[in-house]
Structures are given as structure tokens and as C-alpha cells.
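These notes concern the structure reproduced below.
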Amino acid sequence: MQEDKPVTGIATLAMLLALAILGAIIGIQLLSTLGITPSTSIIGALLAMLLSRLPWRVFRPYRSIHTQNLAQTVISSATFGAANSLLMPIAVPWAMGMPELILPMFCGVAAAMLLDGYLLYRMFDTRVFPAGNAWPIGTATAEAILAGDRGGRNARLLLAGMSTGIVGALLNIPMAAFGTAFIGNIWALSMFGLGLLLRAYAEPIAGLDLNAHYLPHGVMVGAGLVALFQVASAIRGKQADSGRAATPDREVRHALGLGAVGYLLISMLLALAGGLWSEMALPMLLLFVLYAAFAAFAHELIVGIAAMHSGWFPAFAVALITLIIGILLGFPPLALCLLTGFTAATGPAFADMGFDLKAGFILRGHGRDLAAELHGRRVQMCAAMAAFIIAIPVVWLVHTGYFAQDLLPPAARVFAKTIAAGSQTNLAYSLGLWAIPGALIQWLGGPRRQLGVLLSTGLLINSAAAGWAVLLGIALRLFIHRRWGEAARPPMEVIAAGFIAGDALASFFGSLFTTPGKR
């Protein structure tokens, strides 16, 4: 492993700046036209590796795996920050015909995005979010960088996995889900796969539309509430997740305290700038401020837990749940609009930062040199924050042009229609009923397995193919382990990283080629 300093000159900084702008543009374009935000971590890593092969001296710093790590951190942070944390929330007031709310919403979600990423940095490698857990996208990115640096057998395995991943993705096989099954927690992923299959086959086999009955949403509410209690218990030292945790518990408590105060201040400013004081009585206004802060905080923790174990983060679905609860609390449309955008902005940057820090953790030797690990993690955090800051003016400069052409993220339209529809009959009953099994499953599984959160994550996604891919991957993983033992784990994880990387590449370039021509 090379020990080069990751940032060694103006040329390197200029390239990182260019990657941040590129990532922001990619995220905005794909989310507004196709409704997706592909993982660009692999793209940034591969681009840095290609630059390192160029003969000119200016590209020599990219031979360092740590510079390559910064490159993928910058482009992925800018992509998810611009698209999911900034553009999607401000599209909600536009879709509702309230363009006057865009500016206060934009200021609020920009602050929430920065706080979101910083909190993950503070909580990474703790009892709550151990560095030793799967973080599948981060693992895949790190394995790609290491294979490119070292060559040999691992490089061949990675290339074989990437080729298989690309071919499988072109055949509409969810290879990222298949690859994740070889890396993540087996219990958590089994529940994730079960949830995917239950959602996919409940209607064709039993004639039951789970989504119409709010079953996935209720399960997530129950599991999410128990997960939050488990987080609190872990911080108090009663429970611990799997994997090492180098960060002291007091740091986690400080981070959670900072997050609580930060989100409370942002929700207060949103309420003030959005004019809620003129539409709501003081008790209801106070309830909104407290609920918005709690929902934003809970949203990022639940999304982070799901991402840590499965590689999927159900940010849209969890934001929809907080919106539905807001409707049941009786908030007016103006408040619901602000609530939805604010909560939706938390989570994506949090989960993406976790993937990036996991990649850096592997590249720096799994934390064996704690001082080097903490320094490298701090550099990564600064790079990600710079990418978020660069994404802010990019989104502000281009959003008007996109919205004027009716290029809105599909999720924003769903939020707007949900707010317009208002409360439905038996909605509270359905959520409360299905929250009970969700809470029980999460409690029985404990904080290490996160069974309830992962089951509800699967229930919220309608993809039978992903469910079969996950369960098939788990079956193969168990067979390989039984046949060859622990010695088979490293090569298995390398080729699984190739599956995920190949799927990401196919998804990214396929999205570019199918994007409508107009902006």
C-alpha cells in the first residue's frame, strides 16, 4: 500500500473540484429525468485509476490509493448531495405550486445536508455504526481500488466479477443485490430478501396490495422506533453492534446532542422563514418544530442502518412515512411541504458518507494504525464537505431551468400528491396495526441484525428479481463457506465487489444513454 499524501498540488485539487462539479451535474440530470441517482463512487475510483496510468507528471499523485479514495469520495458526495439532499426537497414546493418556499427550503436543506454528513463522520466506527459492518458500496469501491493497485489474482477476480456484473445488469438481473449477499450480515439480508419477495408476490398470489394497506409503512414505523431505542441502549453501553468500535461512546453522545440541537434550530428557522407562524397556533407550531427535528434525526439514523447492512437506503420511503404521520397530526399543507423537504434531505448524505468512510477504512488497513485512520477519515470528511458546498451553488444555478421544463424528480410529485390527498380512512389504524409486528421483529433480532428495519426496507421496494438475487447469493455464500471454509471469504468478497461495481457501471452508463435529450 502506498503512503503518498492524497493531496499534493494544485492539479490534484483542480481535478477534485472538477469531479465535484461533474458529480453534481450527473446527480441533477439523472434524478430530474429518470428519477434515479446511481452510485458514482466506482466511477470516481475508476477515473482516478485511469488518470494514474497517464504518463504526464501532473497525474502522478493519482497513483496513490488515498488520492483515488478522495476522488471517489468527492464525486459521490456531490452526486447524492446535489440530487437527493438539495434538488429533490426544493422540487416539492414547486410541485405544490408554492415557489415562494423554494428559497427558505433550499437554505434549510443545505444546512441539513452538511450536518447530515458531519454527523456520520462523528458516529462512524462506533457502537451504532461500526466500521466493521458491511457498508457494501464502500467495500466494493475499496476492493476495486486495491485490485487496481496490486494487480495479480485479486485484479483478475475483480475484473471477472465486474464483467459478470455488467452482463447481469444488462439482462436486468440486480447484480448489486446479488453481490451484497456475499458481504453483508446474513440475518439482515435474509429479512431484506424476504421483504422483497413478500412485496412482489403478495398481490399476484394472494390478491393483497401491501402498499395500499400501508403494511410496509407500518412495519417501518414500528421497527424504526425500536431501532431508535436500540441506538440509545447501545450508546449507554447495554448493547453493541457487531464489529470493532474505536470511537468512545462519549463522542457518540456529543454527536447525537449536536444533531438534536442542529435539527431543532433548522426546523425553527424553516418554520419562521416559511411563514408557519401566520398559519398555525402556538401549540401546533411547537409540535411541528419538535416533530420535524425528531423526524429528520430518526430518518437519517434509520436510513443509515439500512445502508450499513444492505447497501440500500430507503430515503424516499422513510420520508413518506414521516409525511403520513405529519398528516395524521393535522399539520396544514404549508407545514407538510416544509416537513417533507426537510426530512427527505437527511439520510442520503449520511449513508453516502458511510460508504466513503468504509472504503477509506479498508484502504488505510482496517484501522490498524489508529492515528493514520483518524487523520485519513478527517481528510475524507473535509473532501466530502467541500463537495457538498460546491453542489449548493450548482443546484441553485440550474434548478429554475429544470423546473421550468417540468423536469421534477418523481418523488417530489408523489410527496405533493400525498399532501394534496390528505388523511385517508383507517390510515392511523393501518400504521398502528402493522407497527406491532415490525417492532417485535426488530426487538427479537436485536441491534446487531436489524431484522425489522431490513424487512420493512424490502417491503417498501417492489422488486422480485432483487429478492431472488439476495437469497440466491446467501445460499451460494453458505455453500462456499461450508465447502471451503474461512479461507474462501477474501476472494469471495473481491468477486462480490466486482458484481456490485459492474452493476454500478452498467446502471450509470445505461442511465446516461437513456436520459432524454432536453434539459
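The values are calculated or read from the model by the stated rules, or taken from the named source; none is laboratory data. Just so it is clear, the structure is predicted and the values come from calculations on it, not from any experiment. Note that each Cβ is placed from the backbone with ideal geometry, even for glycine, and that neighbours are counted across all protein chains shown.
Assorted remarks:
- Where Phe331 falls short, out of the listed (1) modelled with pLDDT of 85 or more; (2) within 24 Å of the chain's Cα centre (by Cα): (2)
- Flag if Ile21 is under 28 Å from Pro348 (Cα atoms), within 18 Å of the chain's Cα centre (by Cα), in a helix (DSSP H, G or I) and modelled with pLDDT of 80 or more: no
- Checked against the criterion of being of a type outside the set (Lys, Arg), out of contact with any Asp or Glu (no Cβ under 9 Å at 6 or more places or on another chain), touching a residue at least 12 places away in the same chain (Cβ under 8 Å) and buried (at least 22 other Cβ atoms within 10 Å of the Cβ), region 199-213 contains not a single residue that satisfies it.
- Residue within region 412-435 that is under 27 Å from Phe342 (Cβ atoms), in contact (Cβ under 8 Å) with a residue 12 or more places away in the chain and touching a Ser or Thr at 6+ places or on another chain (Cβ under 8 Å) present: yes
- Residue among Gly193, Gly222, Gly184 that is modelled with pLDDT of 90 or more, surrounded by 24 or more Cβ atoms within 10 Å (Cβ to Cβ), small (Gly, Ala, Ser) and within 25 Å of His481 (Cα to Cα): Gly193
- Scope region 362-390; condition assigned to a helix (DSSP H, G or I), buried (at least 16 other Cβ atoms within 10 Å of the Cβ) and more than 20 Å from the chain's Cα centre (by Cα); matching residues: Leu363, Glu373, Gly376, Val379
- Residue tally, condition in contact (Cβ under 8 Å) with a residue 12 or more places away in the chain and either of a type in the set (D, E, K, R) or surrounded by fewer than 20 Cβ atoms within 10 Å (Cβ to Cβ) (or both), over region 258-275: 7
Here's the yes/no breakdown for (1) among the small types (Gly, Ala, Ser); (2) surrounded by 15 or more Cβ atoms within 10 Å (Cβ to Cβ):
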| site | (1), (2) |
| --- | --- |
| Ala412 | yes, yes |
| Gly422 | yes, no |
| Leu433 | no, yes |
| Gly452 | yes, yes |
| Leu455 | no, yes |
| Ser463 | yes, yes |
| Ala487 | yes, no |
| Ala506 | yes, yes |
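- Qualifying positions in region 391-430 - among the hydrophobic types (A, V, I, L, M, F, W, C) and not in a helix (DSSP H, G or I): Leu407, Leu408
- Selection status of Ile441, part of a helix (DSSP H, G or I), touching a Cys at 6+ places or on another chain (Cβ under 8 Å) and either at negative phi or crowded, with 18+ Cβ neighbours inside 10 Å (or both): no
For every residue, the table says whether it meets (1) at pLDDT 90 or above; (2) within 22 Å of Phe316 (Cα to Cα).
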site	(1), (2)
Phe403	yes, yes
Pro410	no, yes
Val414	no, yes
Ser423	no, yes
Ala428	no, yes
Ala435	yes, yes
Leu440	yes, no
Arg449	no, no
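- Residues in region 318-326 include none that are touching a Pro at 6+ places or on another chain (Cβ under 8 Å) and under 19 Å from Lys417 (Cβ atoms).
- Verdict on Phe313 being part of a helix (DSSP H, G or I) and either in contact with a helix residue (DSSP H, G or I) (Cβ under 9 Å, 6 or more places away or on another chain) or of a type in the set (S, T, N, Q) (or both): no
- Candidates Ile65, Ile43, Ile102, filtered to the one that is hydrophobic (A, V, I, L, M, F, W, C), within 30 Å of Leu339 (Cα to Cα) and touching a residue at least 40 places away in the same chain (Cβ under 8 Å): Ile102
- A single member of Leu357, Leu339 is touching a residue at least 60 places away in the same chain (Cβ under 8 Å) and not charged (D, E, K, R), and it is Leu357.
- For first residues located in region 152-175 and free of Cβ contacts under 8 Å to residues at least 24 places away in the same chain, partners that are surrounded by 13 or more Cβ atoms within 10 Å (Cβ to Cβ) and lie 6+ apart or on another chain with Cβ distances below 6 Å form the pairs Ala155/Ala147.
- Only one of the listed residues (Phe355, Phe342, Phe331, Phe350) is crowded, with 24+ Cβ neighbours inside 10 Å and part of a loop (DSSP other than H, G, I, E, B). That residue is Phe331.
- For region 233-244, a residue qualifies if it is within 19 Å of Asp125 (Cβ to Cβ) and either more than 21 Å from the chain's Cα centre (by Cα) or modelled with pLDDT of 90 or more (or both), and the qualifying residues are Ser233, Ala234, Ile235, Arg236, Gly237, Gln239, Ala240, Arg244.
- Residue in region 465-481 that is within 27 Å of Ile500 (Cβ to Cβ), assigned to a loop (DSSP other than H, G, I, E, B) and of a type in the set (A, V, I, L, M, F, W, C) present: no
- Note on region 145-168: among residues that are of a type in the set (Gly, Ala, Ser), part of a helix (DSSP H, G or I) and at pLDDT below 90, the one that is surrounded by the most Cβ atoms within 10 Å (Cβ to Cβ) is Ala147.
To keep it simple, each residue is scored yes or no on (1) in contact (Cβ under 8 Å) with a residue 24 or more places away in the chain; (2) not aromatic (Phe, Trp, Tyr).
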| residue | (1), (2) |
| --- | --- |
| Arg364 | yes, yes |
| Arg368 | no, yes |
| Ala371 | no, yes |
| Gly376 | yes, yes |
| Val379 | yes, yes |
| Ala384 | yes, yes |
| Ala391 | yes, yes |
| Trp396 | yes, no |
| His399 | yes, yes |
